[in-house]
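Enquirer: This is the structure I want to talk about, given as structure tokens.
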Amino acid sequence: MTWELELTGRRAAGAIVALALLLAGGPLRAGGESAEASAAGATVAGSTAVAWPPARLIFPRSAYPATRDDGLVELAFGERVPDPFRWLEADQRSDPAVAGWIKRQNALSADYLARLPGRDQFAQRIRKLFDFERYGLPRKAGRNYFYTRNAGLQNLSALWMRKGVDGAQRLLLDPNTWSADGSVALAQWEPSPSGRFVAFAEQEAGSDWRRLRVIEVASGRLLDDRLDWANDTDIAWVGDEGFLYSRFPTPSAGDDPRKPRFDKAVWFHKVGTAQVVDERVYATPDHPEWSHKAQVTSDGRWAVIVSEVSTDKRNAIHLIRLAGRKRGRWDTQTLVPDIADHWRLVAGLGDRVWFITDRGAPAFHLVSLDLGAPERGWREVVAQRADRLEGARMIGDRFLLSYNKGGQNVAMMTDRQGRPGKAITLNAIGTASGFGGQPGDPETFYQFSSFTTPQAIYRMNLRTGEVVPFALPTMAFDPADYLVEHREFNSKDGTKVPMYVVRKRTLVKAGKPLPTLLYGYGGFEISLTPAFSPVRMAWLEAGGAFAMASVRGGGEFGRSWYEAGRRGNKQNSFDDFIAAGEYLIREGIAAPGTLAVQGASNGGLLVGAVVNQRPDLFAAANPDVGVMDMLRYDRFTSGRFWVDDYGRPDREADWRTLRAYSPYHNVAGGKAYPAILVTTADNDDRVVPAHSYKYVAALQAADIGEKPHLLRVEARAGHGGGKPVDKTIGAGADVLAFIAYWTGLQPEAIHD
């Protein structure tokens, strides 16, 4: 395909070539040819037509910033393992060498990305796609309704409230005023039962650490309460008196912030007091690796302590009777002693509690127990079905159950005896979620979103079944212009794997392959479901195809699907993802040389592994905040919680599995790799950015061809949560421009 070069096109192409020459220190080489020869006879500056894309920018290894190779080699289980870039594990905040290396890498990638054709158009379009009023799910407390709202291009969503569902709305908390750069966000929040107070969490620079605060609703007065070192916590109110929360011990001076965390306990905070007088409610000093969270039943009678040892969804359950409790007395009783199955609280009324669990039901069922007569045992209320039971709530006089049907959430209602009632049906491929509320409530709110529909909020009358909109988005596009398909393909071992494919209908009708972005995750029993993304929509609008594969290791088909993609079975996740790419090309959705892959966190690991195993399959890759060093991942921050998913590096059998696919350790010289843009953030304290630093250093040092292998480090950001809209737009434009350039998506197709 050829295209006519406008004056701006000639200037852009010329600038790219000039940058390439500057970086390479001389003429570019492509397979031994000069840049002029590799343009297939076309002259970039001065010609009326050139092959797309104009003069690809390539990188000999000498073009990258120098990276020190320490030559470190360790002996593990009889094998010598090089780790030459371990020095990049040091904290950049205290190590000038690491900080300098990051600065040079960022300068290189920023210059390159800014010059890509279409980058500015992508940024403009993503900004326009973000510019619509957005609401979060309302929560009712007393007569008050609380919800988040973003006017459109606010960096952060604010917390609003109404007295009564039709009352005038009032701004309660605006995190956009908390920092000049939008780096302090409102994380979780929870109103007290009467609606008198709201406890909320401040999140700074994307960190997983939280500071908890309290606001008095009627006056809007922010109280002096400041609770530090909360991390992965629930907020569970005990009446209006105070709330239960989880935190780690206060670090000692000089502690390494990247070391693993232990001794997480549940504490009680009384409103209006200092944190130093908080009461420790539940801890297990004999098991410092256990972590604990607290919930309170809807009637306020019981506190439910959930104890877990990893991200594997297994837990123990203890109860604390709150009725008649005296200050300083937090007597617990054991409900589920062993961390062997998954238990999730649904409701509690009087002495009866309801949970969903996979004990005796891999796809989960709803059970109840009479705490007044526990010897009678658990009673099944709703039996397991073919679809996985994801969640349940007791609302009004019935249960509302949410099921995962092959990666799509659907909901149904039953009475309190479990007899089926109304099903909530959807007329499109998408995700319905939320369904919050309490026993006795006459209503519930839920949200629906899809790949082509932003989140819409609905209010359901539980007595009549009537559904009315609470907040509907105004879209800058027509969802009917896009085709969403749910397909299946065969993996390497014959397993059928589902995948969503999204394209413009006009392009489907034309029948030509499209530059295609394939996304995946495949871990921690997490299900990928249809959801809206302005960044993804900008890609679709520009004429690209998007595919999302539900590879093994996720939770789309229950525990067995998860087990088939973890620990010793992890290769199945990679085989599924590779098979997804092969299917897209075989079916003519993508063409060879036009397929890109993307994934974040565990999905970043997925991308890194498949690129090593099949570099020929992909034109471009974006591993985001990925887990890249599988032999040392458990030595940092949250890494120790992942051992049930990945295995333990100190055990030989697990180590050999990890060594076989670890992205950092398996960069294979002598093969031509796709263009790779590695993205991370300097304040990511979940997957520390050293994973990405070491991986990029390995890519740039290896003989893997001359396509770019670049690092983009976001400043004052973390693993993804709490990122301001401006940063999301900037990162999204950079990534899409990079992928578009290397998959052949032409910039004139991008909407202004």
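Enquirer: Identify, among LEU584, GLY407, PRO689, the residue whose Cα sits farthest towards the positive end of the charge dipole of the chain, taking +1 on the Cβ of Lys and Arg and -1 on the Cβ of Asp and Glu, with the dipole about the Cα centre.
Expert: Of the listed residues, the answer is GLY407.
Enquirer: Another question, if that's okay. Could you give the alpha-carbon Rg of segment 246-301 over 2.2 N^0.38 Å, rounded to two decimals?
Expert: Its radius of gyration relative to the 2.2 N^0.38 Å reference: 1.34.
Enquirer: Let me ask something else. Positive end of the dipole of the chain, charges at C-beta (+1 Lys, Arg; -1 Asp, Glu), about the Cα centre: which of ALA114, HIS719, GLY669 has its Cα farthest in that direction?
Expert: HIS719
Enquirer: Another question, then. In square nanometres and to one decimal, what's the mean projected area of the convex hull around the Cα atoms of segment 507-648?
Expert: Details: hull surface 35.3 nm².
That works out to 8.8 nm².
Enquirer: Just the Cα atoms of segment 140-211: what Rg and Dmax do they give in Å?
Expert: Spelled out, the Cα radius of gyration and Dmax of segment 140-211 are 12.8, 36 Å.
Enquirer: Rg and Dmax of segment 134-296, Cα atoms, in Å?
Expert: In Å, with Rg to one decimal and Dmax whole: 16.5, 52.
Enquirer: How tilted is helix 96-114 with respect to the longest principal axis of the chain? Cα atoms for both, answer in degrees (0 to 90, nearest 10).
Expert: So the helix axis and the longest Cα principal axis differ by about 70 degrees.
Enquirer: On to the next question. Any idea what the relative contact order of the chain is, in percent, if you count C-alpha pairs under 8 Å spaced at least 6 apart? All intermediate terms of the calculation are to be shown ahead of the outcome.
Expert: Working: 1770 pairs, mean separation 89.5, N = 752.
This gives 12 percent for the chain.
Enquirer: Assign unit charges at the C-beta atoms only (+1 for Lys and Arg, -1 for Asp and Glu), then state the dipole size of the chain relative to its Cα centre in Debye, rounded to the nearest 20. Don't jump to the answer; show the numbers that get you there.
Expert: Values: 92 positive and 88 negative charges, 230 e Å.
Using only the charged Cβ atoms, the result is roughly 1100 debye.
Enquirer: In addition: Between ALA737, SER307, PRO251, whose Cα lies farthest towards the positive end of the dipole of the chain when Lys and Arg beta carbons carry +1 and Asp and Glu beta carbons carry -1, centred on the Cα centre?
Expert: SER307
Enquirer: Ok, one more. Which of the peptides 482-488, 634-640 is most tightly packed, and how do the rest follow, going by the mean number of other Cβ atoms within 10 Å of each residue?
Expert: Working: 482-488: 15.7, 634-640: 19.0.
Final packing ranking: 634-640, 482-488.
Enquirer: Compute the acute angle (0 to 90°) between the alpha-carbon long axis of helix 690-701 and the principal axis of greatest extent of the alpha-carbon atoms of the chain; round to the nearest 10°.
Expert: Value to nearest ten degrees: 10.
Enquirer: Tell me the label only: which of (i) 201; (ii) 164; (iii) 156 is volume of the Cα convex hull per residue in Å³ as calculated from this structure?
Expert: Recomputing volume of the Cα convex hull per residue in Å³ here picks out (ii).
Enquirer: Further question: Just order 358-366, 317-325, 619-627 by mean Cβ neighbour count inside 10 Å, highest at the front, would you?
Expert: Working: 358-366: 19.2, 317-325: 16.1, 619-627: 26.4.
Top of the packing list down: 619-627, 358-366, 317-325.
Enquirer: Okay, helix-only estimate at 222 nm for the chain: each DSSP H run of n ≥ 4 adds -39500 (n - 2.57), divide by all residues, round to 500 deg cm²/dmol; what do you get? Can you show the working numbers first?
Expert: On the way: 13 runs with 145 residues, N = 752.
Calculated at 222 nm, the ellipticity per residue is -6000 deg cm²/dmol.
Enquirer: Let me ask you something else. What order do you get for 168-177, 100-109, 541-550, 694-703 when each peptide is scored by the mean count of other beta carbon atoms within 10 Å, highest first? Write out the running numbers ahead of the final one.
Expert: Numbers: 168-177: 15.2, 100-109: 17.6, 541-550: 24.4, 694-703: 22.6.
Per-residue mean Cβ counts within 10 Å order the peptides as 541-550, 694-703, 100-109, 168-177.
Enquirer: Calculate how steeply helix 119-130 sits against the longest principal axis of the alpha-carbon atoms of the chain, using the helix alpha-carbon long axis, and give the answer as 0 to 90 degrees to the nearest 10.
Expert: 20
Taken together, the values in this text are just the output of simple stated rules run on the coordinates, not laboratory data. Since we're looking at a predicted model, the values are computed, not measured. When we count neighbours, we look across all protein chains shown, and the Cβ atoms used for this are built from the backbone with ideal geometry, even at glycine.
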